[in-house]
Amino acid sequence: MKTDQLRKRYLDFFVRKDHVLFRSDTLVPDDPTVLFTSAGMNQFKPYFLGEKKDIRRATSCQKCLRTDDLEEVGRTPFHHTFFEMLGNFSFGDYFKKETIEWAWEFLLKDLNMKEKDLWVSVYKDDDEAYKIWKDYIGVSAGKIVKLGEKENFWPANAPTLGPNGPCGPCSEIFFDRGKDTGCGKSNCDPGCDCDRFSEVWNLVFTQFNRVGENKLDPLPQKNIDTGMGLERMAAVLQGKYSNFEIDILAPVVKEVRKLLNADAKDPKATSLIHAVVDHARAATFSIADGVYPSNEERGYVIRKIIRKAIWGAHLLGRKKPFLYELPYSYAELMKEPYAELKEKEGVISKVIHAEEEKFLSTLKDGENQFSIIVDGLKEEKEDTVPASDLFRLYDTYGFPLELSKEIAKDHSLGVDEPGFERLLKEQQERSRKKSMFGQDIFKAEELKLKAATEFVGYQVLESESQITHLIKDGKESESVQEGQEALLVLDTTPFYAESGGQLTDRGLISTNEGKFIVDEVFRVGETIVHKGRVSKGVIKKGTAYPAVDEKRRKALRRAHTATHLLQAVLRSVLGEHVSQQGSLVDEDRLRFDFTHFEALTREQLDKVEQLTNEYILEAAQVNKCNVSLEEAKKEGALAFFKDKYKDIVRVVSVGDYSKELCGGTHVDNTSEIGLFKIVSESSISSGVRRIEAVVGKKSYENIQELSKIINSTAINLRCSVETIDTAVKKLQNDLKAGCARVEQSEKELVSFKSKEIAAKAKKIKNINFLVYEFSDMEINALLYLADLLRKKVKTLFLFLASFSKEKNMFVCSATDDLVKKNISAKRFVAQFKDDLGLRGGGRDSLVQGVVAKKVDKFSQKLEKCFKNFLSKK
């Protein structure tokens, strides 16, 4: 049975059993407690918690991503990072009897499995489930195994180890591969650690609430949560031992094996190939769901998975990008259930390709550095890579700790992982902003903020409200005096709390006795908190009159609506793959981060700017309305995947080209935005670009400033504004000709002095070692001289440097006979770059770069480094 058929047959079966069919949720769950959707039950969490009650039964095939067993992927036949989980769920409706009965019916009747091939397990104290299997279903007692809380309780070991909360016993169904598989023992059963029995279905009976060690209270609503691994069941039905042999994975395994030219009989190669196939699939689906490689949260996980795949291929000798070819295969193999892969395959491929090229470059530099570290450790007879070296590789070269561990292992070295984690934490602490009233340090329960604040700022900028809380120095207070800082809570407020990229409102809160300047507004749960200081008199609880700074609010509105227009235009110009990755909405200034795999051309930027201004000039109405989240999604409203949404959401739409879920403040008509002007476009990470732009008053100021620069340039060039381009080109040509003359003169000078310079070489261990310093010499002249000297002097290692006020440059070179003896210019520079302040790159025979800082007695120190280099070669 094909995998697509299995998926459909399962879902159809439970639809016939009156279950509501849910499409797979995105891999990015609407749940701040987890990074990725890791189980079928994730999207049904509100039903399990009783927050939603419109349905009692559900079924789905859920895309899942887990990294708990990342190191096991490829080493076993069934571990994955990305997989699909079939499930049926009951929310206070049916329970154990129906769950077990339907599971058995589906396996025997719909999948035509043989009863003789199936075993079951139950929790050791779950007599109810045991009796249903034995007396009602008719499974012989000899094929029902009772297991402990580690194997047959969810969460595992919950009764004794916790956590507190909903939990329950589970029953698992196993496929018996036969006596010839596994340990071969006569008493082998599903409790054995061998691979004879394959778990195909887990039935979880959530019936208890754990309140302490071995204290389980019955839940008022008993739930069912089942999970059948699609790939594992497909392997059973297709008669395959490994999941990687099934119809949706085997073709990719074959493709990767061919790309890597790997031996099919080599078990290590097969293990690495399986990991590559899995990781490429995980990256493909994650990028399709808007998670791009980065150095933060979900993006970091995907970057780590991609890099682990590249490293696996690297171990098999592949030094060039190839992963980017695989999304096309997955899009074809899985087009029936996931048509979106076909639509996005080109973009996914380009994102992975960019990540591959970036990492392969990093890998090359990192490996060079690591080889130097290894040489030093062996020289010192040390067996552990220090934390400082691990962190330098990570921080400077982007070299993941996981890869450092792999390389160290290949050299029989350990790594100081705890020390690395400590250094990483220290760096994070240094970069974290600290504030006396930072909103992250507050929790609603700590401040005893129970009542939600009503936000009235969409309708008005001023209101009459009641001060319900005054917090000074972290404690509730009855009053705040002039000059003191405090946090203030109102029952209703027109102040917008920073959210969705839009910065906070500012303004004034007045009472009959004083005035409070609002500098910042943020949310703590459902409460809106105003941070500021008393500028006059005293502030006490009671009636207050909040007033938002209208000028700032209007500027924020202009920038926010312009951000929506920008996203719509980017999707039109670049493609539907563009999705928001972050934003900042400031006064008449905006920053928008979006998914795209390459820099925008000048023509594309001009088109984006032009179309955005055309939308503004259309003077279109900006409509805002509240609808259900489900309805908004059906209408195609864009959602920012990092934001969390309630059942009722606010939709902001402009014409037929922009529709987004957004709780921010916006203009009523696009004409209020004024002029839109892009000021910069850049990369912030692999596959993510950033556009910064100005609108309103700031766009006018920007154009005025540009006009001043243009006029000033025309005056300096002694030409009209209209002929600046011609004048600049003439100046460039004159400069180019002048530089050529200077360069030729310098070459003639160094050629004339080459014999004199060569004579300054000194012998160090039968090697001619030469250091020579210049003032204000161009790099091309240094390269020319290095070439001359290499021809004049045999067995030469030279270092030429030029020091000037603008830039200090160097050339380091070794003759071919030295390179053959592993006396490499590249290795020398890499090993002593920190000691000598060098930054550069090149090959073994020639490296060029800059001297970041000139150290005292440079030539003497350089000679000392070279002698040290030779002693450790």
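The values are calculated or read from the model by the stated rules, or taken from the named source; none is laboratory data. Source: prediction; values computed, not measured. Note that each Cβ is placed from the backbone with ideal geometry, even for glycine, and that neighbours are counted across all protein chains shown. Just the protein is used for accessible areas: all its heavy atoms, side chains included, with ligands, DNA and RNA removed. Shrake-Rupley method; radii C 1.70, N 1.55, O 1.52, S 1.80 Å.
Along each principal axis, taking the top coordinate minus the bottom one, the Cα set of the stretch 752-846 gives 37, 32, 20 Å in descending order. For the stretch 229-252 versus the stretch 574-590, the inter-centroid distance based on Cα atoms is 42 Å.
Each Lys and Arg Cβ is given +1 and each Asp and Glu Cβ -1; about its Cα centre, the stretch 301-414 then shows a dipole of about 220 debye. For the stretch 317-417, the equivalent ellipsoid derived from the Cα gyration tensor has semi-axes of 37, 12, 11 Å, listed largest first. Inter-part distance, the stretch 709-764 to the stretch 85-124, computed on C-alpha centroids, equals 81 Å.
Only Lys, Arg, Asp and Glu carry charge here, each on its Cβ (+1 for the first two, -1 for the last two); on that basis the chain has a dipole of about 3200 debye about its Cα centre. For the stretch 516-607, GluC sites (Glu not before Pro) are listed when DSSP marks them as loop and at most 14 other Cβ atoms sit within 10 Å of their Cβ; the list is E526, E576, E598. When the Cα positions of V204, G182, A129 are compared along the charge dipole of the stretch 96-205, G182 comes out farthest toward the positive end, with charges on each C-beta of Lys, Arg, Asp and Glu.
Each of C194, Y10, A39 was placed along the dipole of the chain (beta-carbon charges, centred on the mean Cα), and the one lying farthest toward the positive end is C194. Long hydrophobic helices in the chain: the complete DSSP H runs spanning 30 Å or more by Cα along their own axis with mean Kyte-Doolittle hydropathy of at least -1.0 are 267-288, 339-379, 550-573, 696-717, 724-758. The slack in the chain from V742 to S775, taken as 0.36 nm per residue of separation less the alpha-carbon distance, amounts to 10.5 nm.
Relative to its residue count, the stretch 711-799 spans a Cα convex hull of 109 Å³ per residue. Residue ranking by accessible heavy-atom surface, 1.4 Å probe, largest first, among I517, I144 comes out as I517, I144. Here the convex hull built on the C-alpha positions of the stretch 188-334 has a volume of 200 cubic angstrom per residue. Exposed loop sites, defined as chymotrypsin sites (Phe, Trp or Tyr not before Pro) outside DSSP H, G, I, E and B with at most 14 other Cβ atoms within 10 Å, are absent from the longest region of the chain, namely 459-873. All C-alpha pair distances within the stretch 797-873, sorted into 10 Å bins from zero, spread as 20, 57, 21, 2 percent across the bins.
Close amide H partners of V771, meaning residues 5 or more places away or on another chain with modelled amide H under 5 Å apart, are F799. Could you tell me the distance between the Cα centroids of the stretch 348-415 and the stretch 779-806, to the nearest Å? If we compute the Cα centre of each part, the gap is 31 Å. Classify the stretch 38-125 from the C-alpha gyration tensor, please: rounded if a/c falls under 1.5, else prolate or oblate depending on whether a/b exceeds b/c. In terms of gyration-tensor shape, oblate. For D383 and K762, a Förster radius of 25 Å and the Cβ-Cβ distance give a FRET efficiency of 0.10, rounded to the nearest 0.05.
Comparing S404, H469, P293 along the charge dipole axis of the chain, the residue lying farthest to the positive side is S404, per the Cβ-charge model.
In a DSSP loop and with at most 16 other Cβ atoms within 10 Å, the GluC sites (Glu not before Pro) in the stretch 263-332 are E296.
Averaged per residue, what accessible surface does the chain expose to a 1.4 Å probe, in Å²?
The answer is 48 Å² per residue.
Classify the stretch 121-269 from the C-alpha gyration tensor, please: rounded if a/c falls under 1.5, else prolate or oblate depending on whether a/b exceeds b/c. Here the stretch 121-269 falls in the prolate category. Scanning residues 5 or more positions from L638 or on other chains, those with amide H under 5 Å from its amide H are K659, E660, L661, with H placed 1.01 Å from N in the peptide plane. Once backbone amide H atoms are built at 1.01 Å from N, V667 has T561 as its partners under 5 Å, excluding neighbours fewer than 5 places away on the same chain. Based on Cα atoms of the stretch 216-297, Rg over Rh with Rh as the Kirkwood radius reads 1.16.
Using Cα extents along the principal axes in Å as the read-out, say which of [x] 110, 68, 52; [y] 103, 84, 50; [z] 115, 86, 48 was calculated from these coordinates. This structure yields the entry labelled [y].
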